[in-house]
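Enquirer: Would you mind keeping the following structure in view while I ask a few things?
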Amino acid sequence: MILFALETSCDETSAAVVRDGRVLANVVSSQIKLHAEYGGVVPELAAREQLRNLAPVTRRALHEAQTTAAGLDAVAATRGPGLPGALMVGCKAAQALAFALRKPFLGIHHHEAHLYSPWIAGDPLSADLESFQPNISLIVSGGHTMLVHVEAELKHRLLGATLDDAAGECFDKVAKLIGLPYPGGPAMDRLAEGGNSKAFHFPRPMMDQPNDDFSFSGLKTAVRYFLRGHPEILDGAQRVRDLCASVQAAIVETLVNKPVRAARRLGVRWVTGSGGVTCNRALRKELAAACEQNALRLRLAEKSLCTDNAAMIGILAERKLAQGVSLTDVEAEIVPNWPMDQSPDLPGDAPRPHQSAINR
Ligand code: KG4
Ligand code: ZN
């Protein structure tokens, strides 16, 4: 089966073609430069840019996969959660394509797809789900920080999430206080490398609480007050590196501690991770060390698949189709606030008879 997938939930426009667990193409166009000027993602601009990028990204993915629209057997897209205007671009385009081709359509939950990105690996990329193991999955991006128990393939339970800012948001906001351009996470990662992580102590939010939730807004505030009291720190290159390393250590320690603790509590042997913040080198290193110490196995998404991509949407959609999950109506609405553990189908959203016939 050849499946075409679109991901447009935030500021990446991505199109992928997958066939029998193999990623034939995964084209990603990022809008980082566009939003950098504003210090964060501007929803209206994101949606317009999604529209602009959709056709070229689609054309390139089909070209790289050496196929055409007529060669597709199924279509999938991110249906939620995400920015409404951005989500609508990819989801509605994919639904129209499925309708025109009279092929099945599947609307995918963005975070459920993240759970499978650590299992996509190799060159060429393919799904390594034969090695799939029940795991505790950490999803950390600019918009989300969540911990999920993946009990079996296509079966998961949300354990906890951030109560306020996401970990990536914390990196970005602290970076802004330091005067670094958006998104500040990668720059902090680089600066932290040459810094002393014990130079300053910042709070490890909620780390000692017996739950699987996170909180990062207090850390950002702590850095703001700290800099108000010590503005001279920003004048010294080495002190800035020390500050970055110290803040990064506080974020990383919390992000490492919670999944390891959940895995031990639930008797799960594997930890996985994805989302933009999983690119952070200290996080990758510390997670590896903590897992080794606790006899846990670790599987982190490849850096190119940590951030949003349509390959993870396509791989999950293909597995779901193979397992006979019900299709999504080509007129179904996007679900911008789709909770992870809930069905997206709102009352009145059930497939209509004529649409199901077309989908078949
Ligand atoms: O997955 P992603 O593209 O999702 C969102 O669109 O939210 O993640 C972007 C986030 C940003 O907050 C960015 O600063 C952070 O991931 N990030 C990093 C690193 N690379 C990306 N944070 C820390 N260290 C990095 N190396
Ligand atoms: Zn994401």
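Enquirer: Which count do you get for residues in the stretch 190-221 that are in contact (Cβ under 8 Å) with a residue 12 or more places away in the chain and assigned to a loop (DSSP other than H, G, I, E, B)?
Expert: Looking only at that region, the number is 19.
Enquirer: Residues being within 16 Å of ligand 1 (Cβ to nearest atom) and more than 19 Å from GLU12 (Cβ to Cβ): count how many of those fall in the stretch 93-141.
Expert: Adding up the residues that qualify gives 2.
Enquirer: Taking helices (runs of 4 or more DSSP H) that fall entirely within the stretch 1-119, which contain at least 2 residues that are touching a Lys or Arg at 6+ places or on another chain (Cβ under 8 Å) and in contact (Cβ under 8 Å) with a residue 60 or more places away in the chain?
Expert: So the answer is 84-101.
Enquirer: Within the stretch 133-152, take every residue that is modelled with pLDDT of 95 or more and farther than 17 Å from LEU266 by Cα and give me the one that is farthest from ligand 2 (Cβ to nearest atom).
Expert: Out of the qualifying residues, it is THR145.
Enquirer: Got a sec? Which of LYS155, LYS173 is modelled with pLDDT of 95 or more, of a type in the set (D, E, K, R) and away from ligand 1 (no atom under 16 Å from the Cβ)?
Expert: LYS155
Enquirer: If you don't mind, another one. May I ask you to verify whether ASP189 is away from ligand 2 (no atom under 15 Å from the Cβ), open to solvent by 30 Å² or more (accessible area, probe 1.4 Å) and in contact with a helix residue (DSSP H, G or I) (Cβ under 8 Å, 6 or more places away or on another chain)?
Expert: So ASP189 does not fit the description; no.
Enquirer: Next question. Within the stretch 222-248, can you find the residues that are aromatic (Phe, Trp, Tyr) and either free of Cβ contacts under 8 Å to residues at least 24 places away in the same chain or on the phi > 0 side of the Ramachandran plot (or both)?
Expert: TYR225 - this is the single residue of the stretch 222-248 that is aromatic (Phe, Trp, Tyr) and either free of Cβ contacts under 8 Å to residues at least 24 places away in the same chain or on the phi > 0 side of the Ramachandran plot (or both).
Enquirer: Can you name the residue in the stretch 176-186 that is touching a residue at least 60 places away in the same chain (Cβ under 8 Å) and closer than 14 Å to ASN280 by Cα and is also surrounded by the most Cβ atoms within 10 Å (Cβ to Cβ) among such residues?
Expert: GLY185
Enquirer: Still on this structure: Taking the stretch 11-23, which residues are modelled with pLDDT of 95 or more and either within 11 Å of ligand 2 (Cβ to nearest atom) or closer than 19 Å to ALA55 by Cβ (or both)?
Expert: THR13, SER14, ALA15, ALA16, VAL17
Enquirer: Could you tell me which residue of the stretch 77-91 is nearest to ARG319 (Cα to Cα), considering only residues that are out of contact with any Phe, Trp or Tyr (no Cβ under 6 Å at 6 or more places or on another chain) and surrounded by fewer than 24 Cβ atoms within 10 Å (Cβ to Cβ)?
Expert: MET88
Enquirer: Before we move on, is THR58 surrounded by fewer than 21 Cβ atoms within 10 Å (Cβ to Cβ) and of a type in the set (Ser, Thr, Tyr)?
Expert: Judged against the criteria, THR58 is not a match.
Enquirer: Moving on to the next point. Can you name the number of the only condition in (1) touching a helix residue (DSSP H, G or I) at 6+ places or on another chain (Cβ under 6 Å); (2) surrounded by 14 or more Cβ atoms within 10 Å (Cβ to Cβ); (3) modelled with pLDDT under 95 that GLY194 fails?
Expert: Failing condition for GLY194: (2).
Enquirer: For the stretch 10-41, give me the residue count where each residue is among the acidic types (Asp, Glu) and farther than 14 Å from VAL57 by Cα.
Expert: Total meeting the criteria: 2.
Enquirer: Looking only at residues that are near ligand 1 (Cβ under 9 Å from one of its atoms) and assigned to a helix (DSSP H, G or I) in the stretch 285-308, which one is surrounded by the fewest Cβ atoms within 10 Å (Cβ to Cβ)?
Expert: The residue in question is LYS303.
Enquirer: Across the stretch 157-170, what is the total count of residues that are open to solvent by 10 Å² or more (accessible area, probe 1.4 Å) and under 16 Å from the mean Cα position of the chain (by Cα)?
Expert: Count: 5.
The values are calculated or read from the model by the stated rules, or taken from the named source; none is laboratory data. Just so it is clear, the structure is predicted and the values come from calculations on it, not from any experiment. Don't worry about glycine lacking a Cβ; one is built from the backbone with ideal geometry, like all the others, and counts go over all protein chains shown. Heavy atoms of the whole protein, side chains included, go into the accessibility calculation; ligands, DNA and RNA do not. Shrake-Rupley method; radii C 1.70, N 1.55, O 1.52, S 1.80 Å.
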